[in-house]
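**Q** Take this structure first; my questions come after.
Throughout, read-outs are computed from the coordinates displayed, never taken from laboratory work. Only a predicted model underlies this, so the values are computations on that prediction, with no experimental measurement involved. Virtual Cβ from ideal backbone geometry, glycine too; neighbours counted across all protein chains shown.
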Amino acid sequence: MYLLMLRIRKFEEKVVELYPAQDMRSPVHLYIGHEAIATGVCLNLRKDDYVSSNHRGHGHCIAKGMDMRLMLAEFYGKKTGYCKGKGGSMHLVDPENGVLGTSAIVGGGLPLAVGAALASVMQGNERVSVAFFGDGAVDEGSFHESLNFASLKKLPVVFVCENNFYATNSHQSARHSNNDIACLAEGYMMPSVCVDGNDVITVFETARNAINRARSGKGPTFMECRTYRWKAHVGPDCDVEKGCRPREELDQWVKRCPVKRFRELLLDENVLPESEMLELARQVDEEIEEAVIFAKNSPLPSPTELYEDVY
Ligand SMILES: Cc1ncc(C[n+]2csc(CCOP(=O)(O)OP(=O)(O)O)c2C)c(N)n1
Ligand SMILES: [Mg+2]
């Protein structure tokens, strides 16, 4: 768990570092602050289980086993990337690891996950589907249609709402008549919980129960995981300077950093000594440096490939 959280955090920090050079042209919606959610959920999944993701999807992809080298290559528009350089950060797809795709369409991932779950039932292969989405997706009709259909047909889906309280710069209180998202899901007759999304153990245990329930044919579960994004809605900067959100709010959440909290727990409980943590960090730094070299050294696609793989 610690290794995976570090991998996601450090991968994103590297994107922050590289982005100002302006040769990575894909828009990036950074996941820093949310790491415990992708980690806690995906470590319960089989390789062939499905995940649908959203625009803030790097953490989900890494947690589901995607290769950071191919992800970075995609951000650089390189031929070796997951979509041959034509998709960018918001179109990362990896059928081999069950990743149905990150998506720029807010709320678009829910029906994909529900459809994959229906296929899993029809094919009898016990694959579970997880839909990751933000509080902004709750504003969309596809959210309600997906919850209703999954509950009606008792499909093996886990809905994971990463509630960071903002959709771009619009606070939840300006958008939702009912700010208790988990309560909405209860209206669709499925078990629904609201958890601390910065506590990886709680997320892991809640997801384990939900995934076991889905796999044993008992139907969907809804998880609202409360968290906070540290960076701007899009890009490597922080938006508090622009007055998009109160600085004190961000400061409060940074104190509750999911990686730091888990690190302190591991130290306090004598699970992992400091020296081993440093070794893991070194290992992750190496993996990421290798990914950067791979991505930068990869070729761009040729203009003649423009219309290939277009449907
Ligand atoms: C259907 C649709 N409507 C609007 C947008 C513009 N848009 C992009 S991201 C976003 C906010 C999404 O917020 P949320 O789902 O809470 O995710 P977060 O960015 O907070 O992680 C919006 C409105 C879009 N991409 N798709
Ligand atoms: Mg949000």
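**Q** Report yes if residue 195 is more than 16 Å from ligand 1 (Cβ to nearest atom), closer than 29 Å to residue 5 by Cβ and crowded, with 17+ Cβ neighbours inside 10 Å, otherwise no.
**A** It is true that residue 195 is more than 16 Å from ligand 1 (Cβ to nearest atom), closer than 29 Å to residue 5 by Cβ and crowded, with 17+ Cβ neighbours inside 10 Å.
**Q** Hey, another quick one. Just give me the residues in region 149-200 being part of a helix (DSSP H, G or I) and either within 13 Å of ligand 2 (Cβ to nearest atom) or within 17 Å of the chain's Cα centre (by Cα) (or both), in sequence order.
**A** Step one: list which residues in region 149-200 are part of a helix (DSSP H, G or I), which gives 149-152, 172-174, 181-186, 200.
Result: 172, 173, 174, 181, 200.
**Q** Identify the residue in region 141-173 that is free of Cβ contacts under 8 Å to residues at least 40 places away in the same chain and in contact with a strand residue (DSSP E or B) (Cβ under 9 Å, 6 or more places away or on another chain) and, among all such residues, is farthest from residue 245 (Cα to Cα).
**A** The selected residue is 146.
**Q** Filter region 95-108 down to residues that are closer than 24 Å to residue 236 by Cβ and outside any loop (DSSP other than H, G, I, E, B) and give me whichever is nearest to ligand 2 (Cβ to nearest atom).
**A** Taking region 95-108 first, the residues closer than 24 Å to residue 236 by Cβ are 99, 101-106.
Now narrow it down to the ones that are outside any loop (DSSP other than H, G, I, E, B): 99, 101.
Numbers: 99: 21, 101: 19 Å.
Ranking the qualifying residues of region 95-108, first place goes to 101.
Conditions (1) touching a Gly at 6+ places or on another chain (Cβ under 7 Å); (2) crowded, with 20+ Cβ neighbours inside 10 Å, marked per residue:
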site: 74; (1), (2): yes, yes
site: 85; (1), (2): yes, yes
site: 89; (1), (2): no, yes
site: 95; (1), (2): no, no
site: 133; (1), (2): yes, yes
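**Q** Can you give me the number of residues within region 143-163 that are within 18 Å of residue 212 (Cα to Cα) and either among the hydrophobic types (A, V, I, L, M, F, W, C) or out of contact with any Gly (no Cβ under 6 Å at 6 or more places or on another chain) (or both)?
**A** Here is the first cut: in region 143-163, the residues within 18 Å of residue 212 (Cα to Cα) are 150-151, 153-160.
Restricting the remaining residues to those that are either among the hydrophobic types (A, V, I, L, M, F, W, C) or out of contact with any Gly (no Cβ under 6 Å at 6 or more places or on another chain) (or both) gives 150-151, 153, 155-160.
The total comes to 9.
**Q** Across region 32-56, what is the number of residues that are under 21 Å from residue 85 (Cα atoms) and within 13 Å of ligand 2 (Cβ to nearest atom)? Write out each step before concluding.
**A** Of region 32-56, the ones under 21 Å from residue 85 (Cα atoms) are 52-56.
With within 13 Å of ligand 2 (Cβ to nearest atom) added as a condition, the list becomes 54-56.
Of the residues in region 32-56, 3 are under 21 Å from residue 85 (Cα atoms) and within 13 Å of ligand 2 (Cβ to nearest atom).
**Q** Output the number of the condition that residue 161 fails; it satisfies all remaining conditions of (1) within 12 Å of ligand 1 (Cβ to nearest atom); (2) more than 15 Å from residue 41 (Cα to Cα).
**A** Failed condition: (2).
**Q** Which of (1) among the aliphatic types (A, V, I, L, M); (2) over 30 Å from residue 75 (Cα atoms); (3) surrounded by 14 or more Cβ atoms within 10 Å (Cβ to Cβ); (4) out of contact with any Pro (no Cβ under 7 Å at 6 or more places or on another chain) does residue 190 not meet, given it meets every other one?
**A** Exception for residue 190: condition (4).
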